[in-house]
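Remarks on the structure that follows.
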C-alpha cells in the first residue's frame, strides 16, 4: 500500500481545513462572515460551499498530476486495489451525519462555534470527494477524464450551486415567500 499517497491527500485536506478554521478565528474574515451572514445556518452553508469548491479544485489538481505522472502524487493502492477518493468522502459524510444526529456542531445552544464550523467544512470536503466521482457511481467504472466523466462535473456544479444558493439566496427566498403569503392570505 502506498501510505504516502493517502497521507498526501489527507495532509493537503487537513491543511486546507486548518487554514479555513484559522482564517475564521484569528483574522478579520471571521467577523466579516459573522457580520454579513447573520444567521448560523447560512454561515454553515457558506463554509460548506467554500470547502466544497476548494476540495474539488485540490482533488482535480491532484488527479491531473497523477494522470500526468507528476510526483509526488499517485493513486491510493491498498492490497492491489485502487481506493477512489469517494471512499474517504463517504466516510467523512457518514461521520458528519452522525455528529449532527448527536447534535454536535449543529448550531444548538450547547454546540460550540468551532464545532459548527468544523462540521460544516468537513461536510463540504466529504461532499466534494464523493461527488467528484459521481460518474463512477453512475457508470460503475472509472470514467474520470473521458466523456462519461462529465456527469461528475455536472453533479459538482449542481450541488455546489445548491450550497451557494442556500448561503446567499436565503434572504431573497424568504422575502419572496413573505410576499406571496401577504398576497394570498389563508382562506
Output the residues belonging to the range 14-38 that are farther than 24 Å from residue 57 by Cα and touching a residue at least 40 places away in the same chain (Cβ under 8 Å). 37
Take residue 122 and decide whether it is at pLDDT below 90, assigned to a helix (DSSP H, G or I) and closer than 23 Å to residue 161 by Cα. no
Considering each of 151, 116, 111 in turn, give the residue that is modelled with pLDDT of 70 or more and either under 22 Å from residue 13 (Cα atoms) or assigned to a loop (DSSP other than H, G, I, E, B) (or both). 116
Within the range 77-90, can one find any residue that is touching a residue at least 24 places away in the same chain (Cβ under 8 Å), surrounded by 12 or more Cβ atoms within 10 Å (Cβ to Cβ) and more than 20 Å from the chain's Cα centre (by Cα)? yes
Only residues that are closer than 14 Å to residue 116 by Cα and part of a helix (DSSP H, G or I): list them for the range 34-48, please. 34, 40, 41, 42, 43, 44, 45, 46, 47, 48
Taking the conditions exactly as written (touching a residue at least 40 places away in the same chain (Cβ under 8 Å), out of contact with any strand residue (DSSP E or B) (no Cβ under 7 Å at 6 or more places or on another chain) and surrounded by fewer than 17 Cβ atoms within 10 Å (Cβ to Cβ)), does residue 71 satisfy them or not? no
Looking at (1) at pLDDT 90 or above; (2) surrounded by fewer than 18 Cβ atoms within 10 Å (Cβ to Cβ); (3) more than 12 Å from the chain's Cα centre (by Cα), can you tell me which one residue 99 breaks? (2)
Per-region count, the range 125-147, residues modelled with pLDDT of 70 or more and either in contact with a strand residue (DSSP E or B) (Cβ under 7 Å, 6 or more places away or on another chain) or closer than 16 Å to residue 67 by Cβ (or both): 6
How many residues, within the range 1-23, are in a helix (DSSP H, G or I) and either closer than 18 Å to residue 164 by Cβ or modelled with pLDDT under 80 (or both)? 5
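The values are calculated or read from the model by the stated rules, or taken from the named source; none is laboratory data. Quantities reported herein were computed from a predicted structural model and do not represent experimental measurements. Every residue, glycine among them, receives a Cβ derived from its backbone with ideal geometry; neighbour counts consider all protein chains shown.
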